[in-house]
Amino acid sequence: MKLFDDALLDGLVAQAKAAPRLRANHNVHVHLDEPVQRLFIAIEPGSYVRPHRHPEAGKWEFFLVLRGRIDALLFDAGGTLLQREALTPGGPVQGFEIPPNTWHCVLALESGSVFFEVKQGPYAPLGDKDFAAWAPPEGAAGSAEMYDWLVRARPGDSPPDL
């Protein structure tokens, strides 16, 4: 039996705080080719998750927040923010599932945030067409400005021209 305790999550949070990308994950699945991917992800404020999608048929994603506060953002193809949900453990919204081919990203708005993700495998790295063309890559010029926009954007807002 695999057990997941506070020590695991505390260690994951410490790893995320020390990581250049301000996030860290702990895979529950053993192999990347498994049909169901299950992982804990710790994410800190300031971690830029570039908006992306999973276009493969049937590739949904499920998220459940265990600690902190994470906002889930959904966009149209042009980058207009369609929906923003605050997710907190014990809050009115604690998790979400997004369907395939949906532009999305998540933001940590509280230090020590951790969520559990389940998605269909096998794992395949995203290609250029799966990242939003209107959002710069991590670390590229404009990514800090995009992150700032993501933090304050409200439904109906369009992304900045970077």
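Values computed for the structure shown
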{"read-out": "The stretch 100-132 - residue that is modelled with pLDDT of 95 or more, of a type outside the set (A, V, I, L, M, F, W, C) and closer than 12 Å to Glu61 by Cβ and, of those, surrounded by the most Cβ atoms within 10 Å (Cβ to Cβ)", "value": "His104"}
{"read-out": "Residues located in the stretch 28-44, provided they are under 12 Å from the mean Cα position of the chain (by Cα) and assigned to a loop (DSSP other than H, G, I, E, B)", "value": "Glu44"}
{"read-out": "Residue identified as surrounded by 15 or more Cβ atoms within 10 Å (Cβ to Cβ), closer than 28 Å to Val13 by Cβ and of a type in the set (Asp, Glu) among Glu97, Glu145, Glu61", "value": "Glu61"}
{"read-out": "Selected residue [under 18 Å from Gly95 (Cα atoms) and out of contact with any Gly (no Cβ under 8 Å at 6 or more places or on another chain)] from Ala57, Ala72, Ala19, Ala7", "value": "Ala72"}
{"read-out": "Candidate set from the stretch 133-142 (those that are within 22 Å of Ala19 (Cα to Cα) and of a type outside the set (Gly, Ala, Ser)); member that is surrounded by the fewest Cβ atoms within 10 Å (Cβ to Cβ)", "value": "Pro137"}
{"read-out": "Failed item in (1) in a loop (DSSP other than H, G, I, E, B); (2) among the polar types (S, T, N, Q); (3) within 26 Å of Lys129 (Cβ to Cβ), with Ser111 passing the rest", "value": "(3)"}
{"read-out": "Where Leu82 falls short, out of the listed (1) under 15 Å from the mean Cα position of the chain (by Cα); (2) modelled with pLDDT of 95 or more; (3) assigned to a strand (DSSP E or B)", "value": "(1)"}
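For every residue, the table says whether it meets (1) closer than 28 Å to Lys129 by Cα; (2) free of Cβ contacts under 8 Å to residues at least 24 places away in the same chain; (3) touching an Asp or Glu at 6+ places or on another chain (Cβ under 6 Å).
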site	(1), (2), (3)
Leu9	no, no, no
Val13	no, no, no
Asp33	yes, no, no
His54	yes, no, no
Lys59	yes, no, no
Phe75	yes, no, no
Leu81	yes, no, yes
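The values are calculated or read from the model by the stated rules, or taken from the named source; none is laboratory data. Given the structure is predicted, the values throughout are model-derived calculations rather than measurements. FYI the Cβ positions are ideal-geometry reconstructions off the backbone, even for glycines, and counts take in every protein chain you see.
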